[in-house]
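*Asks:* Right, I'll just put the structure down here and ask away after.
The values are calculated or read from the model by the stated rules, or taken from the named source; none is laboratory data. The structure presented is a predicted model; accordingly, all values stated were derived computationally and were not measured. Because the Cβ atoms are built from the backbone with ideal geometry, glycine has one as well, and the counts that use them run over all protein chains shown.
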Amino acid sequence: MPSLLGAAAGYRSADLDVRPRSVIPGRQRWDVKLVLGRPRTAEVLAAVLRRLPGITEAQASPVTGGVLVRHDARVNTADVGRLLRRAVTLVVEGSAGAGRPAPVPPAAEPAPLADHGVVTPVLAVGGGVAAGIALVKGSALSKQLVALGGVAAATAAVVRKAWHRTADATRELTGTEAERHPLVEIAGPHRRRLYRASALSVACQVSEMALGTFLGWTALVLINGEAAPLVRFGLTTASAQLWGLAGLVAAACGAVAGLSYSSNLQWRRLGQDIEHEWRKRTYAHVQHLELRHLEGERTTRIAGALTDDVRQLGAFFASSAGDVLQLGASLALLVPLFLLLAPQIAWIAFLPIPVIAWLSFHYQDKVAADYAVSGEHRARLHSQLVNTLEAGATVKSFCTEDYEAERIDRLSGSVQESDHETDRSTISHGEVVRVCTTSSMAGTLLIGGRSVLNGSLRFEVFSPLIGLPQMVLLRMNRLGGIVDQYQRTLSAYDRVRRLRALPAETDGTGGPLDVEDVRGEIVLDNVSFAYPGRPPALEDLSLTIPAGQVTALVGATGSGKTTIAKLLMRFQDAEFGSVLLDGRDVRDMPRHDLRHAIGFVAQDPFLFDGTIGDNIRYGSFGASDDAVVEAAMMAEAHTFVAALPDGYDTVIGERGAALSGGQRQRIALARAILKDAPVVILDEATSAVDNETEAAIQRTLRVFAAERTMVIIAHRLSTVRHADRIYVMDKGGVVAEQGTHDELLAQHGLYASLWQLQAGELAA
Ligand SMILES: Nc1ncnc2c1ncn2[C@@H]1O[C@H](COP(=O)(O)OP(=O)(O)OP(=O)(O)O)[C@@H](O)[C@H]1O
């Protein structure tokens, strides 16, 4: 009953009220009473929303009570409202329960049969009957055995539930039907190394326990004068036994050291393999994402997933998985050993285990939302840091250094606060575990000691057993850290999976396109297109760009000129109508073939951190030095490159920071020329170069354009006056006028007035 639970946490049923404020494809704004005036709840709701499948971004404002949700195309617009209501209910329920929202929405459908089907009740009833008989009729020993059975069953139930819940949560979060647990998914193809590392860890644990037993026997020899088990091996005197034990201890120490070294090495290699594999595959996926998704995600968020998150996936295996296995192995060995040798103290020795498992399980619930929130804060901080550093000149020119420092201070403070919350939970969990393990040690000593005193347990049996459970329980002290790592890993896995769930570009079903055969005729046939949540950029647009000619697109800013280029290169797809290259719909072509056929210089060309030569050769890696120089000459870049001390080997820094805007454009132009594609699109490719240089570039480009289709997008009309055809675009993505320069001047329309304006400016 959400409302009752909500009331318990200070929420009223009116707080569950959500109303849509604005709904447009891909983005919705809602009024959510719950978050009004509650910053923490707003953060948590946003974090919970972000973890839901299909939601790409969520922001909640405690000041206005508004919630902004962005979602990808897989989610139906109407479903977003349902997801939001569900998230609000979860937050209310979670707050009433653990003080924070349950990080993971509980499955709406009944759990699978394996969980709550026939097996569990049968076991429970059977076990209950057997326990009842044993408790009523049994001896003191059978009572203790029942207690131990209870401890084991409770541990198994808690661990099983935690495991299944995590798997269900992942299924729900990623929207996949994967049956496997996230850890199994993460280990992926490295399972052989995982098995090897696991075998070594188990062997190491066995050696450690053997060492503990030998030390117990040594104490026995010193106190009792002999250790009975050694007599069976022919060591009858105390001195012989001590020598024998010295040898055994040395061998066990050697084995522990060797096995520990090899298992650690294997775990670390496994961690590195996992990190490398996930980074490689995720990055490959990101490279093939549709551009709209790539642009929709913050680059720093993607970079964070590819660095920190994939590192965390490997780190869990490198640092914690071995501990978990050793813990499991020691329990698997110790429980039967105790049952066999000292069943009367077994239950107290192992009593903390289900308690600790239960605590860890609840801790995991408690901190999951904290991790989501703190991850989000970190991502924002990182994004802001990168942005501000990149905007160095803008910040300085506006003297906003202090403003930026304050912004970072605020964001960093939020990170600090959310980490503080998580740390408090982590530390308190660790301490509770320590109290449990220490009390159990005291209990084992007390009850075991009493059994020895009253003669029901022989000292020589008890002596080696004293240290062994402590070995396990001390390891359990690390459980807090392990669960912490586990939770971080699940959070990281969630982010990486979400990135990998974004759809990759799909290829057309038609046959390949031979670049050699491309003539280059481009036709836009009644094309309409709008960016998500925006008014149409192109509306019912039809135009023809003839093969082998120079066509110019000019006109108002924001009139859709670049969008035409994006549709042709399939960075975006038209919603209505079609874009044809040589009569074939570009959506039918393999994207690589299509893009090989087009040389493109973007409005804001990107130069990589490297040498000028490398940047010109980018994409045409096999080009000779002579070809690079020739392309640079055509782009009027050779003269300034040759004048640099290192010429083509000059390193130009990130984004070509060590070059002027006009120089950067000429390098990008040379790159497109070197590609030698049958269609070339220049989007404001020479806007930053001076008129004289531009005129020189145009002269050489006329030779280059002789046998190819060239599309020039420009604001400076002098750039396009020699074009064979000029399309003048107007607001709303429509063609206002078309013709040659002279024809357009004769029309005395938009183009003519623009020309007069620019000619006047030049003359002025
Ligand atoms: N990635 C995007 N997301 C949302 N809207 C966009 C995006 N890119 C462009 N737009 C919008 O689409 C419209 C057309 O943009 P486009 O870049 O095609 O115009 P343009 O004619 O090339 O403009 P300019 O001459 O200023 O370069 C503009 O209103 C712009 O705001």
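*Asks:* Only residues that are basic (Lys, Arg), within 16 Å of the ligand (Cβ to nearest atom) and within 15 Å of Glu521 (Cα to Cα): list them for the stretch 695-736, please. Steps first, answer last, please.
*Replies:* Filtering the stretch 695-736 for residues basic (Lys, Arg) gives 699, 702, 708, 716, 721, 725, 731.
Within this subset, residues satisfying the condition of being within 16 Å of the ligand (Cβ to nearest atom) are 716, 731.
Once the filter is applied, which keeps residues that are basic (Lys, Arg), within 16 Å of the ligand (Cβ to nearest atom) and within 15 Å of Glu521 (Cα to Cα), the stretch 695-736 yields nothing.
*Asks:* Right, another one. Can you give me the number of residues within the stretch 639-654 that are assigned to a loop (DSSP other than H, G, I, E, B) and of a type outside the set (D, E, K, R)? If you could, list the steps in order and put the result at the bottom.
*Replies:* Within the stretch 639-654, the first condition is being assigned to a loop (DSSP other than H, G, I, E, B), and the residues that meet it are 644-646, 650, 652-653.
Among the residues that remain, those that are also of a type outside the set (D, E, K, R) are: 644-645, 650, 652-653.
Count: 5.
*Asks:* Output the residues belonging to the stretch 678-687 that are surrounded by fewer than 21 Cβ atoms within 10 Å (Cβ to Cβ) and within 38 Å of the chain's Cα centre (by Cα).
*Replies:* Here is the first cut: in the stretch 678-687, the residues surrounded by fewer than 21 Cβ atoms within 10 Å (Cβ to Cβ) are 684, 687.
Glu684, the sole residue that qualifies.
*Asks:* So, in the stretch 225-235, exactly how many residues are surrounded by 12 or more Cβ atoms within 10 Å (Cβ to Cβ) and free of Cβ contacts under 8 Å to residues at least 40 places away in the same chain?
*Replies:* Of the residues in the stretch 225-235, the ones surrounded by 12 or more Cβ atoms within 10 Å (Cβ to Cβ) are 226-231, 235.
Retained after the next criterion (residues that are free of Cβ contacts under 8 Å to residues at least 40 places away in the same chain): 226, 229-231, 235.
Matching residues across the stretch 225-235 total 5.
*Asks:* Only one of these conditions is not met by Cys399: (1) at pLDDT below 80; (2) not in a helix (DSSP H, G or I). Which number is it?
*Replies:* (1)
*Asks:* Only one residue in Arg570, Arg534 is within 32 Å of the chain's Cα centre (by Cα) and without any contact (Cβ under 8 Å) to a residue 24 or more places away in the chain. Which one?
*Replies:* Checking each option against the conditions leaves just Arg534.
*Asks:* List the pairs whose first member sits in the stretch 675-688 and is touching a residue at least 60 places away in the same chain (Cβ under 8 Å) and aliphatic (A, V, I, L, M), whose second member is outside any loop (DSSP other than H, G, I, E, B) and within 14 Å of the ligand (Cβ to nearest atom), and whose Cβ atoms are under 7 Å apart, counting only residues at least 6 apart or on separate chains?
*Replies:* Pairs found: Ile681/Ala565; Ile681/Phe600; Ile681/Val711; Leu682/Val601; Leu682/Ile712; Leu682/Ile713; Ala685/Val601.
*Asks:* Which pairs do you get when a residue that is in contact (Cβ under 8 Å) with a residue 60 or more places away in the chain, found in the stretch 730-746, comes within reach of a residue that is within 16 Å of the ligand (Cβ to nearest atom) and in a helix (DSSP H, G or I), reach meaning Cβ atoms under 6 angstrom, with the pair 6+ apart or on two chains?
*Replies:* Ala736/Leu750
*Asks:* Further, regarding this structure: Can you find even one residue in the stretch 694-710 that is surrounded by 16 or more Cβ atoms within 10 Å (Cβ to Cβ), outside any loop (DSSP other than H, G, I, E, B) and either at pLDDT 90 or above or touching a His at 6+ places or on another chain (Cβ under 6 Å) (or both)?
*Replies:* Within the stretch 694-710 (the criterion being surrounded by 16 or more Cβ atoms within 10 Å (Cβ to Cβ), outside any loop (DSSP other than H, G, I, E, B) and either at pLDDT 90 or above or touching a His at 6+ places or on another chain (Cβ under 6 Å) (or both)), the answer is yes, since at least one residue qualifies.
*Asks:* Which is more than 16 Å from the ligand (Cβ to nearest atom) and surrounded by 18 or more Cβ atoms within 10 Å (Cβ to Cβ), of Gly520, Gly548, Gly619? Quick ask: steps written out before the conclusion?
*Replies:* Details: Gly548 fails: surrounded by 18 or more Cβ atoms within 10 Å (Cβ to Cβ); Gly619 fails: surrounded by 18 or more Cβ atoms within 10 Å (Cβ to Cβ).
It is Gly520.
*Asks:* Select from the stretch 531-540 the residues that are closer than 25 Å to Leu294 by Cβ and either buried (at least 16 other Cβ atoms within 10 Å of the Cβ) or not assigned by TED's automatic domain parsing to the domain that holds Ser559 (or both) and list them in ascending order. Please lay out each step first, then the result.
*Replies:* First, pick out the residues of the stretch 531-540 that are closer than 25 Å to Leu294 by Cβ: 531-538.
Across the stretch 531-540, the qualifying residues are Pro536, Ala537, Leu538.
*Asks:* Considering only the stretch 579-606, state which residues are in contact with a Lys or Arg (Cβ under 6 Å, 6 or more places away or on another chain) and at pLDDT below 90.
*Replies:* Arg591 - this is the single residue of the stretch 579-606 that is in contact with a Lys or Arg (Cβ under 6 Å, 6 or more places away or on another chain) and at pLDDT below 90.
*Asks:* Evaluate the following for Arg570: is it away from the ligand (no atom under 16 Å from the Cβ) and among the basic types (Lys, Arg)? Even if it seems obvious, please write down each step before you answer.
*Replies:* Numbers: away from the ligand (no atom under 16 Å from the Cβ): no; among the basic types (Lys, Arg): yes.
It is false that Arg570 is away from the ligand (no atom under 16 Å from the Cβ) and among the basic types (Lys, Arg).
*Asks:* Might you check whether a residue that is among the acidic types (Asp, Glu), under 30 Å from Ser660 (Cβ atoms) and surrounded by fewer than 19 Cβ atoms within 10 Å (Cβ to Cβ) occurs anywhere in the stretch 580-597? Outline the logic, then answer.
*Replies:* The first filter runs over the stretch 580-597 and keeps only residues among the acidic types (Asp, Glu), leaving 582, 585, 588, 593.
Remaining after also requiring under 30 Å from Ser660 (Cβ atoms): none.
No, the stretch 580-597 contains no residue that is among the acidic types (Asp, Glu), under 30 Å from Ser660 (Cβ atoms) and surrounded by fewer than 19 Cβ atoms within 10 Å (Cβ to Cβ).
*Asks:* Let me ask you something else. Could you list, in sequence order, all residues of the stretch 580-594 that are in a helix (DSSP H, G or I) and either under 14 Å from Ile522 (Cα atoms) or more than 31 Å from the chain's Cα centre (by Cα) (or both)?
*Replies:* Filtering the stretch 580-594 down to residues in a helix (DSSP H, G or I) leaves 586-588, 591-594.
Correct list: Val586, Arg587, Asp588, Leu594.
*Asks:* Among residues belonging to the stretch 272-301 that are hydrophobic (A, V, I, L, M, F, W, C) and either within 16 Å of the ligand (Cβ to nearest atom) or loosely packed, with under 15 Cβ neighbours inside 10 Å (or both), point out the one that is modelled with the highest pLDDT. Before you say what the answer is, go through the steps one by one.
*Replies:* Start the filter on the stretch 272-301 by keeping residues that are hydrophobic (A, V, I, L, M, F, W, C), which leaves 274, 278, 284, 286, 289, 291, 294.
Narrowing further to those that are either within 16 Å of the ligand (Cβ to nearest atom) or loosely packed, with under 15 Cβ neighbours inside 10 Å (or both): 284, 289, 291, 294.
On the way: Ala284: 92, Leu289: 85, Leu291: 78, Leu294: 74.
So, considering only residues that are hydrophobic (A, V, I, L, M, F, W, C) and either within 16 Å of the ligand (Cβ to nearest atom) or loosely packed, with under 15 Cβ neighbours inside 10 Å (or both), the one modelled with the highest pLDDT is Ala284.
*Asks:* Give the stretch 220-241 a look and list any residue that's hydrophobic (A, V, I, L, M, F, W, C) and out of contact with any helix residue (DSSP H, G or I) (no Cβ under 6 Å at 6 or more places or on another chain), or say none. Reasoning before the result, please.
*Replies:* So in the stretch 220-241, the residues hydrophobic (A, V, I, L, M, F, W, C) come out as 220-223, 227-228, 230-231, 233, 235, 238, 240.
Result: Leu222, Ile223, Val231, Phe233, Ala240.
*Asks:* A further question follows. Have a look at Gln266, Gln272, Gln205 and point out the one that is of a type in the set (S, T, N, Q), at negative phi and free of Cβ contacts under 8 Å to residues at least 60 places away in the same chain. Quick ask: steps written out before the conclusion?
*Replies:* Details: Gln266 fails: free of Cβ contacts under 8 Å to residues at least 60 places away in the same chain; Gln205 fails: free of Cβ contacts under 8 Å to residues at least 60 places away in the same chain.
Residue meeting the stated conditions: Gln272.
*Asks:* Within the stretch 736-758, track down each residue that is of a type in the set (S, T, N, Q) and either under 21 Å from Leu543 (Cα atoms) or not in a helix (DSSP H, G or I) (or both).
*Replies:* Pass one, the stretch 736-758, residues of a type in the set (S, T, N, Q): 738, 740, 747, 753, 756, 758.
Gln738, Thr740, Gln747, listed by residue number.
*Asks:* Here is a further query. Checking Ala672 against (1) modelled with pLDDT of 90 or more; (2) under 37 Å from the mean Cα position of the chain (by Cα); (3) within 16 Å of the ligand (Cβ to nearest atom); (4) not in a strand (DSSP E or B), only one condition comes out false. Which one?
*Replies:* Of (1) modelled with pLDDT of 90 or more; (2) under 37 Å from the mean Cα position of the chain (by Cα); (3) within 16 Å of the ligand (Cβ to nearest atom); (4) not in a strand (DSSP E or B), only one is false for Ala672: (3).
*Asks:* Something else: Based on this model, can you work out whether Thr557 counts as outside any loop (DSSP other than H, G, I, E, B) and near the ligand (Cβ under 9 Å from one of its atoms)?
*Replies:* No: the conditions fail for Thr557.
*Asks:* From the list Leu446, Leu474, Leu465, Leu453, exactly one residue is within 30 Å of Leu211 (Cα to Cα), exposed (fewer than 15 other Cβ atoms within 10 Å of the Cβ) and at pLDDT below 80. Which is it? It would help to see each step written out before you state the result.
*Replies:* Values: Leu446 fails: at pLDDT below 80; Leu465 fails: exposed (fewer than 15 other Cβ atoms within 10 Å of the Cβ); Leu453 fails: at pLDDT below 80.
After applying the criteria, what remains is Leu474.
*Asks:* Considering only residues that are within 18 Å of Asp724 (Cα to Cα) and either among the aliphatic types (A, V, I, L, M) or not in a strand (DSSP E or B) (or both), look in the stretch 525-545 and name the one that is farthest from the ligand (Cβ to nearest atom).
*Replies:* Looking at the filtered set, the residue picked out is Ile545.
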